[in-house]
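**Q** The structure that follows is given in the form of structure tokens.
The values are calculated or read from the model by the stated rules, or taken from the named source; none is laboratory data. Only a predicted model underlies this, so the values are computations on that prediction, with no experimental measurement involved. Cβ: placed from backbone, ideal geometry, glycine included. Neighbour counts: every protein chain shown.
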């Protein structure tokens, strides 16, 4: 298995740019739009593709997933650790009767957090 040395956001190497240009020229000459083909497959529009048989649901789903990547790229997973969570992943949120009580509780919590940071520094 080969690994890519292309850094996301960095300019592509000349060889890669030339290859992409060659492929784009070929698709333009053939009047072939791969996104349009994927869209027709996702929609199940077999007639637009010149097919006699219907497009299977699994193929439609795969085409839709492929197209979706260009509209909404996958986000990287991040690990979140929160010391305020109780066992079982439930966050404890105290009940308050008014906005003033909530503001006082939040201010007290902030003071404790700052005091702890100063003590541990």
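**Q** Examine the range 4-17 for a residue that is out of contact with any helix residue (DSSP H, G or I) (no Cβ under 9 Å at 6 or more places or on another chain), surrounded by 10 or more Cβ atoms within 10 Å (Cβ to Cβ) and at pLDDT 90 or above, and state whether such a residue exists. Lay out the reasoning, then the answer.
**A** Within the range 4-17, the first condition is being out of contact with any helix residue (DSSP H, G or I) (no Cβ under 9 Å at 6 or more places or on another chain), and the residues that meet it are 4-5, 7-10, 13-17.
If we keep only those that are surrounded by 10 or more Cβ atoms within 10 Å (Cβ to Cβ) too, we end up with 13, 16-17.
Now restrict to residues that are at pLDDT 90 or above: none.
Taking every residue of the range 4-17 in turn, none turns out to be out of contact with any helix residue (DSSP H, G or I) (no Cβ under 9 Å at 6 or more places or on another chain), surrounded by 10 or more Cβ atoms within 10 Å (Cβ to Cβ) and at pLDDT 90 or above.
**Q** Something else about it: State yes or no: is residue 118 part of a helix (DSSP H, G or I), at pLDDT below 80 and loosely packed, with under 10 Cβ neighbours inside 10 Å?
**A** For residue 118, the condition - part of a helix (DSSP H, G or I), at pLDDT below 80 and loosely packed, with under 10 Cβ neighbours inside 10 Å - is met.
**Q** Go through the range 52-99 and report how many residues are at pLDDT below 90, part of a loop (DSSP other than H, G, I, E, B) and either on the phi > 0 side of the Ramachandran plot or surrounded by 10 or more Cβ atoms within 10 Å (Cβ to Cβ) (or both).
**A** 3
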